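Taking it in order: structure first as structure tokens, then the write-up.
The values are calculated or read from the model by the stated rules, or taken from the named source; none is laboratory data. Quick caveat: nothing in here was measured; it's all calculated off a predicted structure. For neighbour counting, all protein chains shown are included, and Cβ atoms are generated from backbone atoms with ideal geometry for every residue, glycine included. Only protein heavy atoms, including side chains, enter the accessible area calculation; ligands, DNA and RNA are left aside. Shrake-Rupley method; radii C 1.70, N 1.55, O 1.52, S 1.80 Å.
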Amino acid sequence: MITRRLALSYDECEEGKNFLGLLEEFYSDPSSKDVEYLVIGPWEETWENSSKFIVDNLVENKDKLPSIKGLFIGDMESEDCEISWIIQSDLSPLLRAFPNLEELKIRGSSGLRLSDLQHDKLKTLIIECGGLSTDVIDDILESKLPNLEHLELYLGVEEYGFNGTIEDIKPFMKKGLFPKLKYLGLKDSEIQDEIAHEIANSDILDGLDTLDLSMGTLTDEGAESLLKSNRIKNLKFLDLNYHYMSDDMMKKIKSLGIKVDVTDQQEEEEYDDEIYRYPAVTE
Amino acid sequence: MKRDYIIIGNPENRRVEFFQRALVGQGMKPAKVLSYEEIFKRKLEIGGLIDTNSIVRIESPGENFNVERGIIALGCESGDIREDVGEGDIRAGDLRKLEYEKGRILYPSCWYLGFTRLQEAIWKVSSKVQGLRWMNYPPEILTMFNKPVCQQLLDSKLVPVPRRLGKVTGYEDLRNEMECHSVKRVFVKLFMSSSASGVCAYQFESKSGRELLSSTIEIGQIEGQLAFYNSLKIKRYTEKSKIKAVLDWICSQGAQVEAWIPKAGIDGYAFDLRVLVVGKKAAHIVPRLSKSPMTNLHLGNKRGDINLLGLTKREIEEALAQAEKASAVFPNSHYMGIDVLIASGSHKPYIIDVNAFGDLLPGIVYNGMDTYTYEIAKFNCKT
């Protein structure tokens, strides 16, 4: 896949360059028409300027990018901008503008919407963030993505924008919402145990290859439900990387007979007699 | 002429032990050790304790509370008033009551004044004792320790450094200064600190007024007064009252404020380079990988491999060249640990710190030698 990453560095910013300038340069390069995967890195003051101006510009120039199959909007690390400070926008216009899009990856959920989400070819949707709001969750639940195979959502914590409950997540666990789904990631959650418990006996497991419950606050409690499930063994891969399970439970999970990842065991913190556990991406 | 080494340091500290081991390993006599405690006992009169023609190695006075208290006492007795140093805030009477408390950052501006007097006293010995040679030169050590002065000096010699903001008196002043320079993200550091003590990464966003201070400083209270501690875990403050408390205190002691240049990263880690420059040439290199804005290794950060950072050969060479250029600003000092930031995206190097005692890099080898052995070998070539 021919990939191009556009990013405005600190030094370019100091020299007075801006992201629209980078885009113009990109379009004027004849090889841009062959680019299949476009990565949008930091733009100017990502914590104050939303991605809307980039979305608008890409839509306007869609004809110059006939080969695009993948987009990653917001590829940046905390050194560039805290993940919860990245300001996104409604990214649906991109889906309408690029009918051949197969992958959309998004980092940052502040200001994010995916309104009227419909696409015939999209196979992969990934949202990495500190906390996903029910607005976006509902956008995805109401979407029409008949070819979606890979859905990966960082649910995050309340402090960074997660305002849902297990009830808001449950609809993702029902078979049929995305008929071709092979990979489901409901991860980086502060209610990871509840999610594990709910999904353990859900019929969606019958059709999945991978269940990704990694990066959250999974403990023995949630893992116990997975262990007892008859359906879990239908999976090819169970990703529980970054967790709060005991050594004993890790052993039991490893003996499930399917490929599992139980690396990166976390230690809970105790403070004033309260126990604290944090998902991986909470800053 | 055969010369012997003398180490001025804290004899119980591993830094001294490592250097002695390196001397013996090279078939040399172990150095005589003059402890900082002894220097205080002698009220800084140390002329008779240093042999003529010695090579003097000055070590970090850190990790010894008696010495720390001695330095602070020197500072508060000095009555010095200096523009670039904040107000000393301890009276001699309180000093006697000063007790060791794990991690507490004690009277930084007093400490620097005391450290200055101490180094000056050591330096003055050269007028009484003949033929001394300094591994690192005390007046230059003092400059390296004073961040605003050091950065300004580097800048004047066209060494790339982050943009500096003016002197700030506190939180409100900092916000104004940031506004004025259109800078939204800054590092605020205690002007004289080392080992990431009193370092903050601060950012705010004007639309929502949201702000975040990541810092190695932990706020505590003693008898109703705020006290500030070094934390090995990065603290994240989002409440204005706490952010203000930390920043006001740092500014009262004297602060270095500079633009926060995003560091290059690899696999979700940001990194910078600790480069030991010996005799003006870059030697030992330690990439420091961090998930927080602070890269110091004692904060639990990882060492990386210079060849696995996604930098081109030319970019690495450029980073090392700038470290060497920075070292040349201190022509009378033999070695220093220079921290080089590699900017995200452009991979342009910036010098963010020059550490006079930055050679404690156990396990890192260059040309088959540890840092101390290499320093001695190179120094012997010179003499």
>> Give me the residue from the range A:8-60 that is over 24 Å from A:Asn100 (Cβ atoms) and of a type in the set (A, V, I, L, M) and, out of that set, farthest from the other protein chains (Cβ to nearest Cβ).
In response: A:Leu20
> Any residue at all in the range A:63-75 that is of a type outside the set (Asp, Glu), within 14 Å of chain B (Cβ to nearest Cβ) and touching a residue at least 12 places away in the same chain (Cβ under 8 Å)?
Replying inline: no
> Name the residues in the range B:1-49 that are under 22 Å from B:Ile364 (Cβ atoms), in a helix (DSSP H, G or I) and either touching a residue at least 60 places away in the same chain (Cβ under 8 Å) or not acidic (Asp, Glu) (or both), would you?
Replying inline: B:Arg14, B:Arg15, B:Val16, B:Phe18, B:Phe19, B:Gln20, B:Arg21, B:Ala22, B:Leu23, B:Val24, B:Gly25
>> Among (1) under 24 Å from A:Ile83 (Cβ atoms); (2) at pLDDT below 95, there is one condition A:Asp264 misses while meeting the rest; what is its number?
In response: (2)
> Mind checking which pairs have a first residue in the range B:127-142 that is touching a residue at least 40 places away in the same chain (Cβ under 8 Å) and a second that is among the basic types (Lys, Arg) and surrounded by fewer than 20 Cβ atoms within 10 Å (Cβ to Cβ), Cβ under 7 Å, 6 or more apart or different chains?
Replying inline: B:Arg133/B:Arg3
> In the range B:235-250, which residue that is open to solvent by less than 40 Å² (accessible area, probe 1.4 Å) and within 23 Å of B:Asp339 (Cβ to Cβ) is nearest to the chain's Cα centre (by Cα)?
Replying inline: B:Ile250
>> I'm checking my understanding of the structure. Among residues of the range B:41-63 that are modelled with pLDDT under 95 and within 23 Å of the chain's Cα centre (by Cα), which one is most open to solvent (accessible area, probe 1.4 Å)?
In response: B:Glu63
>> Yes or no: the range A:2-10 includes at least one residue that is touching a residue at least 40 places away in the same chain (Cβ under 8 Å) and under 16 Å from B:Pro262 (Cβ atoms).
In response: yes
>> When you check A:Ile83 against the structure, is it within 30 Å of B:Leu289 (Cα to Cα), open to solvent by 10 Å² or more (accessible area, probe 1.4 Å) and more than 14 Å from chain B (Cβ to nearest Cβ), yes or no?
In response: no
>> Any residue that is within 29 Å of A:Lys251 (Cβ to Cβ), open to solvent by 10 Å² or more (accessible area, probe 1.4 Å), modelled with pLDDT of 95 or more and outside any helix (DSSP H, G or I) - is there at least one of those in the range A:167-178?
In response: no
> Hey, among A:Leu155, A:Leu117, A:Leu148, which residue is surrounded by 20 or more Cβ atoms within 10 Å (Cβ to Cβ), modelled with pLDDT of 95 or more and closer than 24 Å to A:Phe53 by Cα?
Replying inline: A:Leu117
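For (1) surrounded by fewer than 20 Cβ atoms within 10 Å (Cβ to Cβ); (2) within 27 Å of B:Asn53 (Cα to Cα), each residue gets a yes or a no:
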residue: B:Leu95; (1), (2): yes, no
residue: B:Gln119; (1), (2): no, yes
residue: B:Val125; (1), (2): no, yes
residue: B:Arg133; (1), (2): yes, yes
residue: B:Val149; (1), (2): yes, no
>> Would you confirm, using the coordinates I've provided, whether B:Ile219 is free of Cβ contacts under 8 Å to residues at least 60 places away in the same chain, in contact with a Leu (Cβ under 8 Å, 6 or more places away or on another chain) and within 10 Å of chain A (Cβ to nearest Cβ)?
In response: no
> Inside the range A:244-262, can you point out the residues that are of a type in the set (Phe, Trp, Tyr) and either assigned to a helix (DSSP H, G or I) or surrounded by fewer than 21 Cβ atoms within 10 Å (Cβ to Cβ) (or both)?
Replying inline: none
> Tally time: how many residues in the range B:206-225 are farther than 26 Å from B:Glu68 by Cα and either at pLDDT 90 or above or under 23 Å from the mean Cα position of the chain (by Cα) (or both)?
Replying inline: 5
> Within the range A:263-277, can one find any residue that is among the hydrophobic types (A, V, I, L, M, F, W, C), more than 14 Å from every other protein chain (Cβ to nearest Cβ) and either in a loop (DSSP other than H, G, I, E, B) or touching a Ser or Thr at 6+ places or on another chain (Cβ under 7 Å) (or both)?
Replying inline: no
>> Show me the helices (runs of 4 or more DSSP H) entirely contained within the range B:111-210 in which 1 or more residues are more than 29 Å from B:Asn380 (Cβ to Cβ) and within 14 Å of another protein chain (Cβ to nearest Cβ).
In response: B:171-180
> Does A:Leu122 qualify as being in a loop (DSSP other than H, G, I, E, B), more than 14 Å from chain B (Cβ to nearest Cβ) and buried (at least 21 other Cβ atoms within 10 Å of the Cβ)?
Replying inline: yes
> Do you know which of the residues in the range A:221-243 that are closer than 13 Å to A:Ala196 by Cα and outside any helix (DSSP H, G or I) is most open to solvent (accessible area, probe 1.4 Å)?
Replying inline: A:Arg231
